[in-house]
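The values are calculated or read from the model by the stated rules, or taken from the named source; none is laboratory data. Since this is a predicted model, take the numbers as computed values, not measurements. Neighbour counts run over all protein chains shown; Cβ positions are idealised from the backbone, glycine included. Ligands, DNA and RNA are stripped out before the accessible areas are found, and what is left, the full protein with its side chains, is counted by its heavy atoms. Shrake-Rupley method; radii C 1.70, N 1.55, O 1.52, S 1.80 Å.
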Amino acid sequence: MDKILNLNSVDQYNKLYGLETLHPLVSVIDLNKATRRVEYTRWNYGVYALYLKLEKVCDIKYGRQSYDYQEGTIVCFAPGQTTETTLTTDRVQINALGILFHPDLLQGTALGANIRKRYTFFSYEVNEALHLSQEERNIVMDCLRIIHMELEHGVDKHSKTLLVNYIELLLNYCMRFYERQFVTRSKVNRDVLTRFEQLLDDYFDGPQAENDGLPTVKYFADKVCLSPNYFGDMLKRETGKTPQEYIQEKIIEVAKERVAGTEDTVSQIAYSLGFQYPQHFCRQFKKRVGCTPNEYRAQNNR
């Protein structure tokens, strides 16, 4: 049976690898200095973690699929996530760097209030690691060095503010690098967009909407084998629209066709689109079109 590690503190992590703990809530990790080999294959995170792998030494699975996790890549995990790790080396020391920080470090800070909402890459799941150029790796390593220097300074009244600011700087660089990656993978992203548009057509062309209700972003993200957050960020970068905006526009587009082009009642059209209540459909239609479905039908059937 696979061992399960509930990782609840940075000190727990450091003891597993034989590393020194300089601060109870945050630690810069250098596994080149590890003195112990960790055999746990499944990790349940209670801390935030960001890893920079400088060589391929393990395979990581989050959910049902493997990370696109090769040399020179970053992956991030947030509290509540569980991963499966398979080591591909017998060595104790690994050429990998990173940072772990406990949510308590962020209490009362702006970063703590919006970290999951702003830095959506913490919820990227499959085949979505951040691939870095050498220059980008150097920037990440510089950020980690600065944080480590602050930890060596010792704790004083400025420590928390500085540490949180440096962590936020590192995360902002990761956002920049992910945006660059969306651009360099534009061909792949365009293929995903084309697939999404076809899936939208298929969902409303058949009985699925009426049977299953209004589609969710997760439904389409699963279909294109991406996490909802990565799918949303990629689509926003490509089109300026969120998946939810795309879905809502498609619903209104199909609704207008059926209102103007069929004799179905408004209730029948609402149910065929996946609405549970016709009143909800009418409100959404008027909000986006500027008139009720019946008014739209009258205008287009003169």
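Can you tell me which of K236, K160 is in a helix (DSSP H, G or I) and in contact with a Leu (Cβ under 9 Å, 6 or more places away or on another chain)? K160 is the lone residue from the list that is in a helix (DSSP H, G or I) and in contact with a Leu (Cβ under 9 Å, 6 or more places away or on another chain). Taken over segment 97-126, the residue count meeting the criterion of being open to solvent by less than 70 Å² (accessible area, probe 1.4 Å) and either at pLDDT below 90 or more than 30 Å from S159 (Cβ to Cβ) (or both) is 7. Just so you know, in segment 251-302 the residues that are part of a helix (DSSP H, G or I) and touching a residue at least 60 places away in the same chain (Cβ under 8 Å) include one that is nearest to G206 (Cα to Cα), and it is S272.
The lone criterion from (1) surrounded by 15 or more Cβ atoms within 10 Å (Cβ to Cβ); (2) over 30 Å from Q276 (Cβ atoms); (3) of a type outside the set (F, W, Y) left unmet by K250 is number (2).
Would you check if K241 is among the basic types (K, R) and in a loop (DSSP other than H, G, I, E, B)? Give the derivation first.
Numbers: among the basic types (K, R): yes; in a loop (DSSP other than H, G, I, E, B): yes.
It is true that K241 is among the basic types (K, R) and in a loop (DSSP other than H, G, I, E, B).
Within segment 241-257, at least one residue is under 23 Å from R180 (Cα atoms), modelled with pLDDT under 95 and touching a helix residue (DSSP H, G or I) at 6+ places or on another chain (Cβ under 6 Å).
Conditions tested, residue by residue: (1) in contact with an Asp or Glu (Cβ under 9 Å, 6 or more places away or on another chain); (2) open to solvent by 40 Å² or more (accessible area, probe 1.4 Å); (3) within 30 Å of I269 (Cα to Cα).
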{"position": "T161", "(1), (2), (3)": "no, yes, no"}
{"position": "L169", "(1), (2), (3)": "no, yes, no"}
{"position": "F182", "(1), (2), (3)": "yes, no, no"}
{"position": "T194", "(1), (2), (3)": "no, yes, yes"}
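Please tell me if V266 is at pLDDT 90 or above, open to solvent by less than 50 Å² (accessible area, probe 1.4 Å) and over 35 Å from the mean Cα position of the chain (by Cα). So V266 passes the test. Among the numbered conditions (1) open to solvent by less than 20 Å² (accessible area, probe 1.4 Å); (2) more than 30 Å from L22 (Cα to Cα); (3) within 22 Å of the chain's Cα centre (by Cα), the only one that V140 does not meet is (2).
Evaluate the following for L170: is it more than 26 Å from G72 (Cβ to Cβ), assigned to a helix (DSSP H, G or I) and either at pLDDT 95 or above or within 23 Å of the chain's Cα centre (by Cα) (or both)? Answer is no for this residue. Screening V47 with (1) within 19 Å of the chain's Cα centre (by Cα); (2) modelled with pLDDT under 95; (3) surrounded by 17 or more Cβ atoms within 10 Å (Cβ to Cβ) gives one miss only, at (2).
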